[in-house]
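The values are calculated or read from the model by the stated rules, or taken from the named source; none is laboratory data. Note that the coordinates shown come from a computational prediction; the quantities given were computed from them, not determined experimentally. In this analysis, Cβ positions are derived from the backbone assuming ideal geometry, glycine residues included, and neighbour counts consider all displayed protein chains. The protein model used for the area step is the full one, side chains on, heavy atoms only, and it has no ligands, DNA or RNA in it. Shrake-Rupley method; radii C 1.70, N 1.55, O 1.52, S 1.80 Å.
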Amino acid sequence: MARPLPNQTVARTSATSLRHFPGHSKPSLPLSAPALRKAAAALLLAAAVALPCAVLYRAAVLDAVQPVQVGWDRGPWWERGQPPPAVVVPEEDGDVDPAAADDLDSDDLKLEQVLQEASMDNKTIILTTLNAAWASSGSVIDLFIDSFRRGVRTSSLLRHLVIITFDWKAYKRCMKIHAYCFALATENVDFSQEKRFLTAGYLDMMWKRLDFLRLVLEKGYSFIFSDADITWFRNPFPHFYPDGDFQIACDHYVGNATDLGNIANGGFNYVRSNNQSIEFYKFWYSSRLRYPGYHDQDVFNFIKHDPYITDIGLKIKFLSTTYFGGICEPSRDLNKVCTMHANCCIGLQSKLHDLRVIMEDWRNYMSMPPSLKRFGALSWGGKRGYYIINFANFDAFS
């Protein structure tokens, strides 16, 4: 160690001084006792302030990552003065159905919740079914919903519509366009593709639907079931019979609501929930085993003559095509028509074509002055030429 020069003094270091290491700044001057006390007090004050802040921050962060639980109020959203509930569908989900991992609520509870929300005061709802083939933008489901909005006093009925979906793509699409959707479990059966009439996939889907409707009746809900390829133009409730347990539209109506010679169409029916209708739906579903290879509509037309229907006391009414028409047998008066069904038309593209023609014709009818509407019975066809449908435009008939 080098000795100090004669006129240099070596500074003595105190217990609180910092040693001077190469590369570090020159050590500071020693602190006095009062300065040390002030520094200690400042440190204690900072700690007292920082500790509760850290606790609050931790609590806030933990709260932020908890899952949000959505409550179900007793009243529907439109009576609470609120917009329909918004549903966020994650884009990264792709085609993966997350329902398989959801063990928190049973499907039965979810169904009860959505039925309760959509129900009318008398526990009546409107139901339709949807798969991916009919769910794309501009396809059947959009035309179906648009008809409610363009009909006469039908837009409010959308508040009571529940869309039953057969696959995840259809469910995602439903949640984007409508308030009430229910995903029906299909047990590893793919119902997403278009099901051609009377193919095996079509038959499975129709019978799955029928068994689901029985479940709705058992829960105490009456319903109108409507295929999605039906356009709604007027409120149908005034044209239902007060004494009918099961009321069904027709491909061909013979003029008498109780005549079993009417050819029923299963795409539109009004059913009251009671012991008779529940037992009938069980009988109808089990009858698929007696008539293999037939769909629910054909089997109904077989079993409507069965004495068991009389034994259980079910009252069947057939709905007139004057009010509930279809391409098979259209309503002949646009001043009376409630619904128009794209039946007797096979294939998705044919149905879309015909539904668009029907909707365009309805818009032209609605644009007419009231005095002209009252002039006479305006039909989908005929000689008056009020921009009305020309049946030559239809793609396919059965």
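Observations
- Criterion: surrounded by fewer than 17 Cβ atoms within 10 Å (Cβ to Cβ) and either among the acidic types (D, E) or on the phi > 0 side of the Ramachandran plot (or both) - qualifying residue of D229, D243, D251: D243
- Any hit, region 310-317, residues being out of contact with any Phe, Trp or Tyr (no Cβ under 7 Å at 6 or more places or on another chain) and hydrophobic (A, V, I, L, M, F, W, C): no
- The lone criterion from (1) within 21 Å of M205 (Cβ to Cβ); (2) at pLDDT below 95; (3) open to solvent by 10 Å² or more (accessible area, probe 1.4 Å) left unmet by D296 is number (3).
- With respect to (1) under 27 Å from the mean Cα position of the chain (by Cα); (2) modelled with pLDDT of 95 or more, the lone exception for G261 is condition (1).
- Cβ pairs under 7 Å, 6+ apart, first in region 341-364 and closer than 18 Å to Y323 by Cα, second of a type in the set (F, W, Y) and open to solvent by less than 10 Å² (accessible area, probe 1.4 Å): H341/F268; D361/W380; W362/F233
- Among the residues of region 262-273, the ones that are open to solvent by 40 Å² or more (accessible area, probe 1.4 Å) and not β-branched (V, I, T) come to 1 in all.
- The number of residues in region 111-127 being open to solvent by 30 Å² or more (accessible area, probe 1.4 Å) and in a loop (DSSP other than H, G, I, E, B) comes to 4.
- Scanning region 101-130 for residues that are of a type in the set (S, T, N, Q) and at pLDDT 90 or above yields Q113, Q116, S119, N122, T124, T128, T129.
- Residues being under 20 Å from S222 (Cα atoms), part of a loop (DSSP other than H, G, I, E, B) and not small (G, A, S) - total across region 128-185: 3
- Residue within region 129-136 that is surrounded by fewer than 19 Cβ atoms within 10 Å (Cβ to Cβ) and among the small types (G, A, S) present: yes
So that you can scan it fast, the table gives a plain yes or no per residue for (1) more than 19 Å from G151 (Cβ to Cβ); (2) in contact with a strand residue (DSSP E or B) (Cβ under 9 Å, 6 or more places away or on another chain); (3) surrounded by 14 or more Cβ atoms within 10 Å (Cβ to Cβ); (4) of a type in the set (K, R):
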site: Y281; (1), (2), (3), (4): yes, yes, yes, no
site: L289; (1), (2), (3), (4): yes, no, no, no
site: P292; (1), (2), (3), (4): yes, no, no, no
site: N301; (1), (2), (3), (4): yes, yes, yes, no
site: G313; (1), (2), (3), (4): yes, no, no, no
site: L319; (1), (2), (3), (4): no, yes, yes, no
site: D333; (1), (2), (3), (4): no, no, yes, no
site: W362; (1), (2), (3), (4): no, yes, yes, no
site: K373; (1), (2), (3), (4): no, no, yes, yes
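- Some residue of region 311-318 being touching a Lys or Arg at 6+ places or on another chain (Cβ under 8 Å) and modelled with pLDDT of 95 or more: yes
- Taking region 361-380 as the range and being among the hydroxyl-bearing types (S, T, Y) and at pLDDT below 70 as the test, only S379 passes.
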